[in-house]
Amino acid sequence: MDAIEKQARELLAVEYEKFDLPSTAAGARAGAYDLNPSMRAVVAALTPPEGYVLVPAELLRMVAGCAYPVSSEINPRGHNWSEAYLDEVLPKIKAAMLPASPEVP
């Protein structure tokens, strides 16, 4: 069982517990519903598209902001660094972070 399937089982189990169905929740955690269309839909929704990797987008902006001298003005996005700088540096930061991103099974 991979991490996505484990997370899907847990999400489904939590929903069953909200309806006071503890034995059904236990079955979901044990994998009894893995072939159920609901479980397959949850797994599909959690699975990133082919070719995508998991890198938090806000982390990229935070790293870029830390690496750039802060200006005294707040830009339209609510940050105090220049958009031109972000456009230039974000691809470089992404390239540096991708090798460290978690593998998606």
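Taking H79 and the conditions (1) at pLDDT 65 or above; (2) in contact with a Gly (Cβ under 7 Å, 6 or more places away or on another chain), which numbered condition does it fall short on, given that it satisfies the others?
All conditions are met except number (1).
Among what's in segment 4-52 and is modelled with pLDDT under 90 and either farther than 30 Å from L98 by Cα or open to solvent by less than 70 Å² (accessible area, probe 1.4 Å) (or both), pick the residue that is farthest from the chain's Cα centre (by Cα).
Going through the qualifying residues, I end up with S38.
The values are calculated or read from the model by the stated rules, or taken from the named source; none is laboratory data. Computed from a predicted structure; not experimentally measured. Counting neighbours? That spans all protein chains shown, and the Cβs are built from the backbone with ideal geometry, glycine included. Note: areas computed on protein heavy atoms with side chains; ligands, DNA, RNA excluded. Shrake-Rupley method; radii C 1.70, N 1.55, O 1.52, S 1.80 Å.
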